[in-house]
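Chemist: One structure is given below, represented as structure tokens, and several questions about it will come after.
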Amino acid sequence: MAPGGRLMFTRGQLIPSSGFAKKSGSFLQEVKDHPVFITYRSGDIKAAFIDIDEYQRLKSSEEELTELHLIAEASDRLLRFIKSKQRTYSFDDILAEEGLTRDEVED
């Protein structure tokens, strides 16, 4: 992908939708080398076909990025909490403050 999230492709990768139906078999071979983009008559991209191995790699990367984002967010929250120096309360502290016992709550 080009900077700014724009797709980069060559003119040879652009296939009119009418041409795709006629030559779909050859495009299945072509996607092993590079993505194939199906276009409307206006030239706007309608679909992109990629090799299944590339799709699985991208999907795996997406899942890893999601996990990293969640880890970063949790770390950021923990750091903000530590910096705030707020007192923490255990479950037993809250029960004692309310005059309750664990047995009373668990029933």
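Values quoted throughout were computed directly from the atomic coordinates according to the rules given, and no laboratory measurement underlies them. Every value quoted in this text rests on a predicted model; they were computed, and no experiment measured them.
Chemist: Among the aspartates and glutamates, which fall within straight-line cross-link reach of K46, defined as a Cα-Cα distance under 18 Å, with same-chain neighbours fewer than 8 residues apart omitted?
Modeler: The qualifying aspartates and glutamates are E30.
Chemist: What are the ³J(HN,Hα) values, in whole Hz, obtained from phi via the Karplus relation 6.51 cos²θ - 1.76 cosθ + 1.60 with θ = phi - 60°, for each residue of the range 69-86 in sequence order, with x given for Gly and Pro?
Modeler: 4, 5, 5, 5, 5, 5, 4, 4, 4, 4, 4, 4, 5, 4, 5, 6, 6, 6
Chemist: Then there is this: Going Cα to Cα from K32, which aspartates and glutamates come in below 14 Å? Please leave out same-chain ones fewer than 8 positions away.
Modeler: D51, D53, E54
Chemist: Here is a follow-up. Rounded to whole Å and sorted largest first, list the principal axis extents of the Cα atoms in the range 51-107.
Modeler: Sorted largest first, the three principal extents are 64, 34, 8 Å.
Chemist: Name the long-range amide H neighbours of K46: under 5 Å, sequence gap of 5 or more, or other chain; modelled H, no Pro or chain starts.
Modeler: The answer is I38, T39, Y40.
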